[in-house]
1. Above 16 angstrom, tally the Cα pairs of the range B:22-94 and express them as a % of all pairs, no decimals.
2. Can you bin the range A:164-264 into rounded, prolate or oblate? Criterion: square roots of the alpha carbon gyration tensor eigenvalues sorted a ≥ b ≥ c, rounded for a/c under 1.5, prolate for a/b above b/c, oblate for the rest.
3. Give a residue-ordered list of calculated ³J(HN,Hα) values for the range A:51-62 (Karplus: 6.51 cos²θ - 1.76 cosθ + 1.60, θ = phi - 60°; whole Hz; x for Gly, Pro).
4. Determine ³J(HN,Hα), in whole Hz, for all residues of the range B:190-195 in sequence, where each value follows from phi through the Karplus function 6.51 cos²θ - 1.76 cosθ + 1.60 and θ = phi - 60°; x replaces Gly and Pro.
5. Chains B and A: buried accessible surface, both sides, probe 1.4 Å, rounded to 100 Å²?
6. Using only the Cα atoms of the range B:234-317, build the gyration tensor, take square roots of its eigenvalues as a ≥ b ≥ c, and label the shape rounded, prolate or oblate: rounded if a/c is under 1.5, else prolate if a/b is larger than b/c, else oblate.
7. Hey, with R₀ at 22 Å, roughly what FRET efficiency would B:E246 and B:M147 work out to, going by the Cβ-Cβ distance, to 0.05?
8. Compute the helix-to-body angle for B:111-121: its Cα long axis versus the longest principal axis of chain B, expressed 0 to 90° and rounded to tens.
There are 2 protein chains.
Amino acid sequence: MITALAGGVGAARFLQGLVQVLPEGEKLTVVVNTGDDMELHGLHISPDLDIVMYTLADLVDKAKGWGIQGDSFNALEMLRRYGLETWFNLGDKDLATHIWRSSLLNSGFTLSQATTRLCRALDLKPALLPMTDERFETKIATELGLMHFQEYLVKRGAKDRVLGVVFEGADRASPAPGVLEALQASRLIIVCPSNPVVSIGTILSVPGIREALKQTEARIAAVSPIIAGAPVKGPADKLMEGLGLEVSAYSVAALYRDFLDLYIMDERDRAQLERVQALKVQVALTDTLMRGREDKLRLARFILGCLENLSANSAHS
Amino acid sequence: MITALAGGVGAARFLQGLVQVLPEGEKLTVVVNTGDDMELHGLHISPDLDIVMYTLADLVDKAKGWGIQGDSFNALEMLRRYGLETWFNLGDKDLATHIWRSSLLNSGFTLSQATTRLCRALDLKPALLPMTDERFETKIATELGLMHFQEYLVKRGAKDRVLGVVFEGADRASPAPGVLEALQASRLIIVCPSNPVVSIGTILSVPGIREALKQTEARIAAVSPIIAGAPVKGPADKLMEGLGLEVSAYSVAALYRDFLDLYIMDERDRAQLERVQALKVQVALTDTLMRGREDKLRLARFILGCLENLSANSAHS
């Protein structure tokens with residue numbers, strides 16, 4: 001069994017390659033960030049779960065990396081006519097997901113159970129698990145006050161200076177059923193190239209998950225989401241800067257050092273090799289940029305190969 | 001002030017004419033059937049309120065008489081892919097209405113308040129009132145058991161033999177705020193050409209409404225929805241037959257006789273004139289079929305003219 005920790009677009013693209021090169025019979029479980037989840041017009045929206053689900057179901061709008069290919073936005077247009085908030089791009093097909101999920105949640109199903117039903121309806125092979133079934137909201141502290149991460153990112157276009165990040169609900173949250181079990185039972189764990197603060201950082205903030213990563217027998221690799229000092233996608237740089245972190249591949253490795261066995265870093269960051277190795281983490285350099293299908297397959301094969309070959313004595317345990 | 005009692009398509013078409021010939025400064029209140037309301041995928045759908053609202057906002061799909069002109073059905077397609085029930089035609093723009101309404105209801109607003117907000121957002125001049133804010137469901141008794149009216153009509157195509165009609169919630173329902181006041185304060189009341197059983201009959205079943213119609217000083221007219229022994233639209237014939245009622249213009253007048261001053265019947269039903277007059281109801285004959293804009297205007301003008309000229313001593317009071 002292999003488990004991956006995932007945020008949104010970057011993770012989904014990586015996972016799309018991984019599912020195609022998985023060893024025969026190997027089960028993949030994906031633990032997904034739910035800190036971006038929000039209620040909008042009474043609907044429960046799980047942006048990262050949707051991105052990963054749509055991508056693995058081959059439904060995703062490939063150009064954007066989120067939403068459903070060829071979707072229309074007529075409901076959104078009508079919501080705008082009604083004078084409602086429409087900064088969050090809700091496609092019409094996409095709405096069906098939010099409507100069904102919300103309906104299930106309102107009927108007493110947990111987010112995990114709703115996710116399982118959605119994924120089963122789309123014939124998804126990997127098991128998708130929300131990091132937690134409980135309410136958990138990532139808020140960004142700015143000069144305008146605390147705002148929901150999606151408000152910061154989508155509504156405000158990530159233009160506000162980040163003063164801090166608050167994980168609302170992290171103190172009371174517990175990992176969704178199956179999360180700790182998957183980390184415990186896996187032989188390999190991969191931290192996808194996702195935002196280290198608001199995607200992976202969020203997952204790690206759920207009580208019990210970081211401990212489980214430290215204690216598992218699994219070999220753990222992470223793929224750097226930072227190439228040559230900049231994130232491939234998203235506002236990771238602004239968030240890292242806001243928290244006083246150096247925006248570098250090294251800095252991400254340092255955030256994961258207490259559980260990491262192997263760090264996959266881009267060739268372009270070769271200069272940081274020694275600094276990362278000084279964290280007592282093995283490093284493998286490759287081209288980590290995923291331009292298309294071939295890049296995804298190559299990167300996934302590379303990581304699986306490195307993990308299989310990782311010498312037993314280098315494992316963190 | 002004029003008040004109308006309305007069901008769906010037939011009423012909406014009639015009201016479209018009425019609003020254009022209303023005397024200057026005359027306020028129109030429309031009390032709408034909510035017996036067809038239902039929860040679907042966690043959304044509160046009010047078919048008749050929507051039909052009347054879309055029609056008066058000039059948004060309605062004119063060919064069908066319901067839904068929004070030029071709407072797409074992509075969310076529905078995705079719900080189908082998820083394996084959910086999709087027999088009820090939910091357009092994408094239409095969904096925005098259900099989403100906002102449901103969100104308001106879940107936030108504690110009443111159906112009247114939600115309706116007012118929707119109508120205000122669409123700049124509707126007439127005041128739309130649901131007949132009741134409480135849960136009220138029209139069920140059709142068939143050989144397959146009790147089914148929701150929409151299930152009988154849309155899902156099953158009105159093909160099941162009607163054994164009876166049940167107004168679930170009628171015993172506990174009360175008229176929505178403003179309904180009795182409108183009936184009391186109006187000088188004219190018009191019962192639209194709607195299904196006498198599941199549209200007008202539903203409204204009349206809400207405790208207090210029939211009494212208010214009997215007691216008001218307003219002159220009350222009804223337009224027959226039956227022409228030459230058949231409904232212009234919808235399953236009124238099947239429902240009336242199921243209840244052992246004759247399917248005729250006369251039969252509808254008989255259902256309203258205790259509060260009716262004036263009955264507008266189609267020329268084609270002239271043979272029933274004496275029978276209806278025997279109910280002590282004044283009758284006016286005209287072409288009641290609304291083929292287009294001109295027909296609607298003519299019918300509305302005709303009815304207003306007849307009501308204005310109704311001799312005082314013929315009023316039911």
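1. Roughly 58 percent, once rounded to a whole number.
2. Note, shape of the range A:164-264 comes out oblate.
3. After applying 6.51 cos²θ - 1.76 cosθ + 1.60, I find 4, 5, 5, 4, 5, 6, 8, 6, 10, 5, 6, 5 Hz.
4. Per-residue couplings from phi come out as 10, 8, 5, x, 10, 4 Hz.
5. 2400 Å²
6. In terms of gyration-tensor shape, oblate.
7. 0.35
8. Helix B:111-121 sits at roughly 90 degrees to that axis.
The values are calculated or read from the model by the stated rules, or taken from the named source; none is laboratory data. Only a predicted model underlies this, so the values are computations on that prediction, with no experimental measurement involved. Here the Cβ is made from the backbone with ideal geometry for all residues, glycine too, and neighbour counts use every protein chain on show. The area values use the complete protein model at the heavy-atom level, side chains included, leaving out ligands, DNA and RNA. Shrake-Rupley method; radii C 1.70, N 1.55, O 1.52, S 1.80 Å.
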